[in-house]
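Notes follow once the structure below has been shown.
Each value in this text was obtained by applying a stated rule to the coordinates, not by laboratory testing. Keep in mind it's a predicted model, so treat the numbers as computed, not measured. Ideal geometry is used to build each Cβ from the backbone, glycine not excepted, and the neighbour counts take in all protein chains shown.
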Amino acid sequence: MLTVFFIMLLGVGIGVFVRKLPVFKRTNRIITLVIYVLLFLLGKEVGADERVLSSLSTLGVQALIITLGAVLGSALCAKFVYQYFFNRDER
């Protein structure tokens with residue numbers, strides 16, 4: 001995991017220096033296409049794994065609970081940040 005972090009950090013560092021070059025101005029389309037291909041390949045791998053497909057109902061419930069918790073936590077945190085930092089004049 002640390003290796004992935006350092007590779008990403010290296011990419012950010014390189015991106016800061018090459019972002020003004022004209023050849024890198026149109027990379028959004030390429031990045032979007034690569035993400036679509038990676039998502040397709042991930043779906044293909046998940047669909048081919050029998051263990052994942054057999055436990056899909058359990059994984060789905062767990063994913064729903066985690067998603068609802070993340071959304072609720074984000075909403076509460078956003079409300080706190082808004083009230084504490086941006087809504088001071090109404091107090």
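Remarks
- Taken over region 19-29, the residue count meeting the criterion of being surrounded by 10 or more Cβ atoms within 10 Å (Cβ to Cβ) and either outside any helix (DSSP H, G or I) or aliphatic (A, V, I, L, M) (or both) is 1.
- When region 1-44 is limited to residues that are aromatic (Phe, Trp, Tyr) and within 30 Å of LEU56 (Cβ to Cβ), the one that is farthest from the chain's Cα centre (by Cα) turns out to be PHE40.
- Of the residues making up region 42-91, just one is outside any helix (DSSP H, G or I) and among the hydroxyl-bearing types (Ser, Thr, Tyr), namely SER55.
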